[in-house]
Amino acid sequence: MPLTVQRLLVQRRAQAGLLLIALLVAGALLAPIVSPYDPIAQLDLEQRQLLAPSPAHPFGTDLLSRDLLSRVLFGARISLAIAFLSVTVSIVVGTLVGLVAGFAGGALDTLAMRAVDTALAIPRIFLLLVILGLWGAVGVPVLIVILGLTNWFDTSRLVRAEVLSLKQREFVLATRALGVGPTRTLFGHILPNVAAPITVSAALGIGQIVLVEAGLSFLGIGVRKPTPSWGLMIAESQDLMVSAWWTVAFPGLAIVITVIAFSLLGDALQAALDPRTR
């Protein structure tokens, strides 16, 4: 594929991803203003139960007569907040482990990477099910920490690989020759040069966390009722997929759009940062 065409495709993916993300973030931030109803209010169990989409309720209502548009908008606040914060936790932990392991080398590097390999050998969803099953009901802050602390392993390996390459470069060897301390070398000279792959990892990780959180909430061990969550909304309406399709379609569509948006952005960033496409 010609380089100019490849660059154009990268730009188109980035623009599409950023547009979708901007709409999602705007909807989440403005949810208290633009939502027509309280997301947990049962409007009228007799007259407004399972109403199809209409001008009064663009996304319809659910089994408890709650407005689905309001719940989807407030669900975006929950899902995106959990995703952004848990990815922040995972990026910070993974970056620190990768930096220290790659720069120190030796026994510390071997021990850290064996621990990471062991963690990666355990299916993440199984690990989450065990932790949340044993822990019981958890709040959103605890859920964020758990998701973040089970998601940093790939980031640490990525950062370590970059550090192993960078610490042999001339500019790092020059800082050592000038007597610059290891902490300053690590965080002042090496860390800025691994920012690009960390950014890509973060963008892709947000979409993955949204999907994982929705799955956990669907299973009843993620976000708890009555907090609006896309996965929880689908779980509450799974028996109504035929008779009231909108109760499942709109929260499901929100999940799909969010995952696609961050995947497009992550892929575009990865391609843009690839030296072969410059």
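The values are calculated or read from the model by the stated rules, or taken from the named source; none is laboratory data. Computed from a predicted structure; not experimentally measured. When the accessible area is computed, the model is the full protein with side chains, heavy atoms only, and any ligands, DNA or RNA have been set aside. Shrake-Rupley method; radii C 1.70, N 1.55, O 1.52, S 1.80 Å.
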inquiry  = At a threshold of 8 angstrom on Cα-Cα distance, excluding pairs fewer than six apart, so keeping six or more, what relative contact order does the chain reach in percent?
reply    = 27
query = Just the accessible area per residue of the stretch 66-201, please: how many Å² with a 1.4 Å probe?
reply = 47
query = What percent does the relative contact order of the stretch 35-153 come to when contacts are Cα pairs within less than 8 Å and at least six residues apart?
reply = 24
ask   = For the stretch 21-170, which whole-number percentage of the solvent-accessible area (1.4 Å probe, protein heavy atoms only) is attributable to carbon and sulfur atoms?
value = 69
note = With a 1.4 angstrom probe the carbon and sulfur portion of accessible area for the stretch 190-278, in percent, totals 67
